[in-house]
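K.L.:
Can you read through this structure? Questions will come right after.
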Amino acid sequence: MKAFRDAYRFGVFDVDGVKFPRVLLGSSPFIGAGQFGDKAYIYYRDFYEKPENITQIVAECIVNGCNAVQVIAYPVVVRAVGRAIEETGIECFVFGTVGIKDVRREAEDLLGIGAKCIVIHAAMTDWNLARACRVLDIILSMDSSLITGVATHYPLAIYRSVLNYDNIRIVLLPLNKVGEFMNARVEDVLEAVRVLRKGGINVIAMKSLAAGLLNPFEAFEFLSRHVDGVTVGMVNSREVKETLLAAQKFFSEAL
């Protein structure tokens, strides 16, 4: 199998000696996430109910140098990503999200496709950060080499507390230039990002295109000045081409 770094075409940053990708394919469209509004059901029908289409998009990204995927640990999605890795023969950096139902099983599924990083789902993080961090300890007991962290929908509510936990190395949070899905003003979230990064915690932006309100070029030009990396959903070949072209322009340098 071709190694991750030999295939990956974008910048990386270092987390405890591990080279972490700055650009990752997001999986929110594959589960028909609510932020997509009227398109949510279409995405659910076309991807979650037809996982071969997930495999196709993931494989297309992999062979075009974006062999890094943020995987929400629904079994359907995990299996589809695993098939894409097998079909392409290229190692993929799997950044998993757990906390949907059975955390241990979800972590086992993600480790089964080679996960290097696992974060706790925002629903659990935002409900009880201390509990989320106890769950991270359980996950680390399964594989101590993992990079661990949390996702949040409410960055202003947790960012200072996050600094108190050694097992949080990555924070996945909503950030885009128009302030959609952020539950806070853009300038306030940017301040939270600055505090986190100054405290040694790396930040990955999700909802980076504001569910399609922004094109990748304007979105990434803004984000590249503030965060370590981005996750971004892509649902067809046109989006893959446009998004990866923009990512190459703004996220090609290592940090």
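K.L.:
Which ordering of SER27, SER141, SER237 is given by a fewest-first count of other beta-carbon atoms within 10 Å?
P.N.:
Result, fewest neighbours first: SER141, SER237, SER27.
K.L.:
Straight-line reach only, C-alpha to C-alpha below 27 angstrom: list the lysines that LYS101 could link to, leaving out same-chain residues fewer than 8 apart.
P.N.:
List returned: LYS39, LYS50, LYS116, LYS207.
K.L.:
Same structure, new question: Quick one: work out the % antiparallel among DSSP beta bridges in the chain, nearest 5.
P.N.:
On the way: 4 of 34 bridges.
Bridges in the chain that DSSP calls antiparallel: roughly 10 percent.
K.L.:
How much length, in nm to one decimal, is gained on full extension between ARG131 and LYS2, taken as 0.36 nm per residue of separation minus their Cα-Cα distance?
P.N.:
42.7 nm
K.L.:
Enter the per residue convex hull volume of the stretch 4-250, computed from alpha-carbon coordinates, in Å³ rounded to the nearest integer.
P.N.:
Per-residue hull volume (Cα only) is 109 Å³.
K.L.:
Given +1 on the Cβ of Lys and Arg, -1 on the Cβ of Asp and Glu, and no further charges, what dipole in debye does the chain carry about its Cα centre, rounded to the nearest 20?
P.N.:
Values: 28 positive and 29 negative charges, 54 e Å.
Using only the charged Cβ atoms, the result is roughly 260 debye.
K.L.:
Can I ask one more? Count neighbours as other Cβ atoms within 10 Å of each site's Cβ, and list the GluC sites (Glu not before Pro) in the stretch 221-255 that are DSSP loop with at most 12 such neighbours. Let's see the in-between values first.
P.N.:
Numbers: sites: GLU221, GLU239, GLU242, GLU253; in loops: GLU253.
For GluC sites (Glu not before Pro) across the stretch 221-255 that sit outside H, G, I, E and B with at most 12 neighbouring Cβ atoms in 10 Å, the list reads GLU253.
K.L.:
Excluding residues fewer than 8 places away in the same chain, name every one of the aspartates and glutamates whose C-alpha is closer than 20 Å to that of LYS2.
P.N.:
The reachable aspartates and glutamates, counting only those whose Cα sits under 20 Å from LYS2, are GLU60, GLU86, GLU87, GLU91.
K.L.:
Can you find, among PRO155, ALA115, MET234, the residue sitting farthest towards the positive end of the charge dipole of the chain, where Lys and Arg contribute +1 and Asp and Glu -1 at Cβ?
P.N.:
Going by the charge dipole, the pick is PRO155.
K.L.:
So how much slack lies between ILE138 and GLU253, counting 0.36 nm per residue of separation and subtracting their Cα-Cα distance, in nm?
P.N.:
Details: separation 115, 0.36 × 115 = 41.40 nm, distance 3.42 nm.
So the extension gain works out to 38.0 nm.
Throughout, read-outs are computed from the coordinates displayed, never taken from laboratory work. These numbers come from a predicted model, not from an experiment. For neighbour counting, all protein chains shown are included, and Cβ atoms are generated from backbone atoms with ideal geometry for every residue, glycine included.
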